[in-house]
Each structure stands twice: as C-alpha cells, then as structure tokens.
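Reading through the structure tokens given below for one structure.
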Amino acid sequence: MSLGKRLHEHYHRQLSLRRQIAIRALCSFLVMFLIARAYTYSVHYHLLPLRDFVTASGLHIHHLFWGILLLIVVGFGALASRDPRWHLRLAVVYGVALALTLDEFALWLRLADVYWSPEGRESVEAVAVAASGLALMAVGEPFWRAVAREVWPAASPSSADGGTP
C-alpha cells in the first residue's frame with residue numbers, strides 16, 4: 001500500500017468527524033489568510049502586475065465582502081445538510097470565508113480602511129485568536145466534549161443527535 005493511502009487510512013481511522021472538520025477549517029483558514037496577505041501585499045507594493053478590484057464606478061470591493069458572502073453560503077449549507085460529507089466540504093469553505101473576513105477585521109471594527117496603518121494589526125490579532133480556537137477544536141476535541149457533557153449533561157452532542165455536527 002502506498003504512503004498516501006496509508007496516511008489517508010490513518011486520517012479516517014484516528015480522527016473523529018469533528019476533528020476532521022476542525023482540521024480542514026484550520027488548514028484552509030491559514031492557507032487563505034496567507035494568500036490574501038500575499039495578494040494585498042503584492043498589490044500595495046506593486047510587486048506583481050496585479051491590481052485592486054475596483055468597479056467601473058470606482059468602488060473598491062474589499063475581500064471582506066467575499067468572505068461575508070461565503071459565510072452566508074456556508075451557514076445555509078450547514079443548516080440545510082445533516083450529511084457529514086457536506087460538513088467536511090463546508091469546513092474548507094468556512095475556513096476560506098473566515099480568513100477573508102478576519103483579514104479585514106480592523107476595517108469592520110473601525111469602519112475605516114486601516115489595513116496598512118498600525119490599527120490594521122488588529123486584523124492579524126483577530127486571525128491569531130480564530131486560528132487558536134480552531135486549533136483547540138482540532139486538538140482538544142475529546143476534552144471539550146467531556147467538558148460539555150459535565151456542564152450540560154442533557155444537551156451533550158452525543159445524547160442529542162448521535163454526535164453528528
């Protein structure tokens with residue numbers, strides 16, 4: 001059996017569905033954040049022949065806008081589907097959407113374009129908090145499930161719906 005197949009087997013055998021969802025969301029979140037930062041940096045400093053997205057009327061469309069639209073789609077998808085395979089796919093889109101949104105956290109916090117000013121650092125801090133939360137979900141899932149069972153015994157995921165997301 002090839003290394004790829006063995007790793008795939010370990011992934012599915014050793015990681016619960018909730019952990020797989022959190023890992024996929026975390027990885028897509030981090031990758032999209034790096035892509036968004038690299039793109040905006042390249043545009044800002046004219047490193048590549050890339051341009052800002054500006055409409056014919058001169059309106060600049062921030063990537064926060066696309067992140068919010070994707071979060072809406074993911075929310076509807078998660079509410080509409082109980083199929084675990086869809087939740088695994090939605091986790092990737094959620095990570096992308098969250099990165100696009102939080103990369104411009106300072107913009108929506110201050111309602112001003114402060115991306116390149118010192119206040120723009122607030123976006124990086126928001127990304128660090130979100131990444132930490134996703135990592136805690138991925139790594140500490142059994143612990144957090146035990147905490148939830150202790151604090152809310154009647155509402156624990158395993159008793160409510162079999163543990164599916």
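Rule-based calculations on the coordinates, nothing more; no lab input. Bear in mind the structure is a predicted one, so any value in this text is a computation, not a measurement. All Cβ positions, glycine included, derive from the backbone under ideal geometry; neighbour counts span all protein chains shown.
Couple of notes before you dig in:
- Along the axis of the charge dipole computed for the range 35-165 (Cβ charges of +1 for Lys and Arg, -1 for Asp and Glu, origin at the Cα centre), the listed residues VAL147, LEU79, LEU109 are led at the positive end by LEU79.
- A Cα-only calculation for the chain places Rg and Dmax at 18.8, 57 Å.
- Applying 0.36 nm per residue to the separation of GLU9 and VAL147 and subtracting their alpha-carbon distance, the gain on full extension is 46.8 nm.
- Placing +1 on each Lys and Arg Cβ and -1 on each Asp and Glu Cβ, with no other charges, gives the range 1-103 a dipole about its Cα centre of roughly 540 debye.
- Scanning the chain for long hydrophobic helices, with DSSP H runs required to stretch 15 angstrom or more by C-alpha along their axis and to average at least -1.0 on the Kyte-Doolittle scale, returns 17-44, 63-80, 84-102, 121-151.
- When the range 1-84 is described by a simple charge dipole with +1 on each Lys and Arg Cβ and -1 on each Asp and Glu Cβ, the residue from LEU50, MET32, LEU64 located farthest towards its positive end is MET32.
- In the chain, Cα pairs under 8 Å separated by at least six residues give a relative contact order of 29 percent.
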